[in-house]
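See below for the structure under consideration.
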Amino acid sequence: MIRSMTAFASGERATPSGTLACELRSVNHRFLELGVRLPEELRALEPALRERVAARVARGKLDLSLRLRAPEGEGALRLDPTRLRELSELALDLDARFPRLRTGFTELLQFPGVLQAPAADPAALQAEALALLDAVLDEFVATREREGAKLAAAISERIDGIARIAAEVRTLMPAIRAGQRAKLEARLADLMQGNGQPQLDPGRLEQELVLWLQKLDVDEELDRLDAHVGEARRVLGLEEAVGRRLDFLLQEFNREANTLGSKSVDARTSAAAVELKVLIDQIREQAQNIE
């Protein structure tokens with residue numbers, strides 16, 4: 001299954017400790033790179049979260065964030081009357097020595113112990129966080145697969161185009177070789193006409209002609225292109241991350257296209273080599289988004 005490396009998924013989960021919110025987003029990257037942002041209550045869970053993500057995702061630069069919102073409603077937060085009484089007595093004691101000392105209400109609430117949240121169960125909160133991540137991961141992977149299916153369709157279309165061009169060049173080659181041989185034989189015939197006497201060894205000329213035509217032969221390049229097309233189609237059907245395999249195959253495709261162009265002695269094969277390189281570049285652009 002082809003998967004895109006770009007995706008986004010999010011979710012929320014109500015817990016006794018508050019509302020957990022999770023976001024997971026990714027962009028292209030050569031390897032798997034995961035950044036994690038967690039509330040203090042879930043810091044100890046980071047290794048388990050990383051392990052869960054790595055089990056489902058092979059490549060991409062990912063950002064995972066978990067947030068915990070305090071529960072709403074009456075009793076969600078309460079004041080500690082004992083701590084407030086202690087602070088009041090301390091303020092009265094210091095008032096004579098610091099008459100201009102003033103404390104704002106918000107500063108008072110921020111003093112440790114004044115506001116108390118309901119006690120949280122760390123184990124239960126961690127279990128809820130893992131369950132939420134699993135649900136977000138399911139959506140995240142599904143999004144990657146939907147985008148990947150579109151990428152696979154675009155790549156398959158261009159691979160079919162490469163196969164078509166290779167087949168067309170193969171049908172053109174016999175006529176191109178025959179035409180080149182005829183041109184060379186005509187030139188050689190002109191060279192051999194010198195006052196009615198042959199000036200060049202016909203046997204040697206035939207050997208040179210054969211060698212020259214062999215240098216123009218692209219059957220091996222076309223055979224390798226056909227093999228690469230078959231391998232690319234196989235790779236697109238694998239149930240694993242295939243981005244790196246495609247990167248390697250594209251290098252091989254490009255090598256054969258370059259050789260075909262360098263051996264070309266006909267405008268049609270030159271145009272075919274250019275079209276091949278255009279299709280290969282288009283596939284490369286799509287493959288950069290594949291996991």
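In Å and on Cα atoms, what radius of gyration and Dmax does segment 130-181 show?
Computed over the Cα atoms of segment 130-181, radius of gyration and Dmax are 22.4, 73 Å.
Counting other Cβ atoms within 10 Å of each Cβ, which GluC sites (Glu not before Pro) in segment 222-268 have at most 11 and sit in a DSSP loop? Spell out each step's value before the answer.
Details: sites: Glu231, Glu239, Glu240, Glu252, Glu256; in loops: Glu239, Glu240.
Qualifying residues, ordered by number: Glu239, Glu240.
Express the Stokes-Einstein translational diffusion coefficient of segment 1-102 in µm² s⁻¹, to the nearest whole number, given a Kirkwood radius over alpha-carbon pairs, 37 °C and a viscosity of 0.692 mPa s.
It comes out at roughly 187 µm²/s.
Let me check something: with ligands and nucleic acids excluded, how do Lys183, Lys277 order by accessible area (1.4 Å probe), largest to smallest?
Output order, biggest surface exposure first: Lys183, Lys277.
For Leu32, enumerate residues with amide H under 5 Å from its amide H, sequence gap 5+ or separate chain, H modeled in the peptide plane.
Gly60
Please report the accessible area of Asp134 (heavy atoms, 1.4 Å probe, ligands and nucleic acids excluded) in Å², nearest 10.
The value for Asp134 is about 50 Å².
At Asp160 and Ala135, where each label point lies 7 Å from the Cα along Cα→Cβ, what is the point-to-point distance in nanometres?
Using points 7 Å along Cα→Cβ, the separation is 4.1 nm.
The values are calculated or read from the model by the stated rules, or taken from the named source; none is laboratory data. Quick caveat: nothing in here was measured; it's all calculated off a predicted structure. Quick reminder, even Gly has a Cβ in these numbers, built from the backbone with ideal geometry, and neighbours come from all protein chains shown. When the accessible area is computed, the model is the full protein with side chains, heavy atoms only, and any ligands, DNA or RNA have been set aside. Shrake-Rupley method; radii C 1.70, N 1.55, O 1.52, S 1.80 Å.
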